[in-house]
Each structure stands twice: as C-alpha cells, then as structure tokens.
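Here the structure is laid out as structure tokens; the discussion comes afterwards.
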Amino acid sequence: QVQLVETGGGLVQPGGSLRLSCAVSGIIFSIHSMGWYRQAPGKQREWVATISNGGRINYSDSVKGRFTISRDNTKNTLYLQMNSLKPEDTAAYYCNLANGPEYWGQGTQVTVSS
C-alpha cells in the first residue's frame, strides 16, 4: 500500500523556520511529481508547491520566496523548508502525488504564533 508520512511540524514564532519531511513508500518515488498542500480550519485545502520527477519546481504566490521544496530520491523523501513564517501559514500540511492518484495521510500541524 502507498504510505505518505509527514513529520516536522510544530509551534514556531512569526519569522521562524521549520523543515517538513514526507517519507514515501509503496510507489516508485523517483518517477512521480510530488506536492505539498495545506489546510487551515474552516478553509479549503490549498496547493503550496510541487516538484517534478526531473526537479522542476512551482510555488503558490503566497509562499514564493519563503518556502523551498526539494526531494531526495535515494531516501524516498520529500521536503519543505519554510522560512519567514507568518501566522497565515498556520495549517495542517500534507504531501501527495501531484498528478494523482491521491493518498492523503495524517499531515503535520504547523502553528505560527507569538
């Protein structure tokens, strides 16, 4: 079965940084484009960033210049480095295959607050 396990979330002050990881199993990781998504209470899930199997990257306007998506195909792991965090970044963060099929895991909570 496909498993995607997100880790690295936590409580951080505005302006701080966090690094999220997504450990992937059950698929040939290296051939898939991958994405990060987030969902805040009362809001729809939104796309954050994607990285293709060849390393091409796209970001949402809300995180561009602050977040960095990367992958390590030798470790079957996707990363999201988050810098200059803002309160509006507070959400549960999820990873998934960018082009489907979708396998939503438990996510990892990021809370940005003073």
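The values are calculated or read from the model by the stated rules, or taken from the named source; none is laboratory data. If you're wondering where the values come from, they're calculated on a predicted model, not measured in any experiment. Note: ideal-geometry Cβ built from the backbone for every residue, glycine included; neighbour counts use all protein chains shown. Only protein heavy atoms, including side chains, enter the accessible area calculation; ligands, DNA and RNA are left aside. Shrake-Rupley method; radii C 1.70, N 1.55, O 1.52, S 1.80 Å.
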Worksheet item: On average, how much accessible surface per residue is there in the chain, in Å², for a 1.4 Å probe, leaving out ligands, DNA and RNA?
Response: 54 Å²
Discussion item. What Kirkwood Rh does region 1-53 have if only Cα atoms enter the pairwise 1/r average? Answer in Å.
Written reply: 13.2 Å
Discussion item. Between Thr68 and Lys86, what is 0.36 nm times their sequence separation minus the Cα-Cα distance? Round to one decimal in nm.
Written reply: 5.0 nm
Worksheet item: So which lysines pass the test for Lys43, namely a Cα distance under 19 Å, with those fewer than 8 places away in the same chain ruled out?
Response: Lys86
Response to the item:
When the chain is treated as a Gaussian network with springs between alpha carbons less than 10 Å apart, the largest mean-square fluctuation among Gly26, Gly15, Gly55 is found at Gly26
Practice prompt. Pick out which of Pro87, Pro14, Pro41 has the largest mean-square fluctuation in a Gaussian network model of the chain, springs linking Cα atoms closer than 10 Å.
Written response: Pro41
Practice prompt. Would you mind counting up the charge near Lys43? Only other residues with Cβ under 14 Å from its Cβ, with Lys and Arg at +1 and Asp and Glu at -1.
Written response: -1
Worksheet item: Quick one: if you take sqrt(5λ) for each eigenvalue of the C-alpha gyration tensor of region 41-114, what semi-axes come out, biggest first, whole angstrom?
Response: 21, 15, 12
Item to complete: Calculate the translational D of region 1-93 in whole µm² s⁻¹ from Stokes-Einstein, where the hydrodynamic radius comes from the Kirkwood formula applied to all Cα pairs, the temperature is 25 °C and the viscosity 0.890 mPa s.
Response: 179 µm²/s
Worksheet, complete the sentence: With a 1.4 angstrom probe the carbon and sulfur portion of accessible area for the chain, in percent, totals 46 percent
Discussion item. For Val110, Val12, Val5, give me the order by solvent-accessible area with a 1.4 Å probe, most accessible first, ignoring ligands, DNA and RNA.
Written reply: Val5, Val12, Val110
Discussion item. For a quick check, take a GNM of the chain with Cα springs below 10 Å and name the residue from Gln13, Gln44, Gln81 with the largest mean-square fluctuation.
Written reply: Gln44
Worksheet item: For Tyr94, what charge total do you get from the other residues with a beta carbon under 12 Å from its beta carbon, if Lys and Arg give +1 and Asp and Glu give -1?
Response: -1
Discussion item. Not counting ligands, DNA or RNA, and with a 1.4 Å probe, what is Leu11's accessible surface area in Å² rounded to the nearest 10?
Written reply: 130 Å²
Discussion item. Run through region 17-89 and list the trypsin sites (Lys or Arg not before Pro) located in a DSSP loop whose Cβ has at most 11 other Cβ atoms within 10 Å.
Written reply: Lys43, Arg56, Lys64
Worksheet item: So what is the relative contact order for region 25-114, in percent, with contacts set as C-alpha pairs under 8 Å and at least six apart?
Response: 29 percent
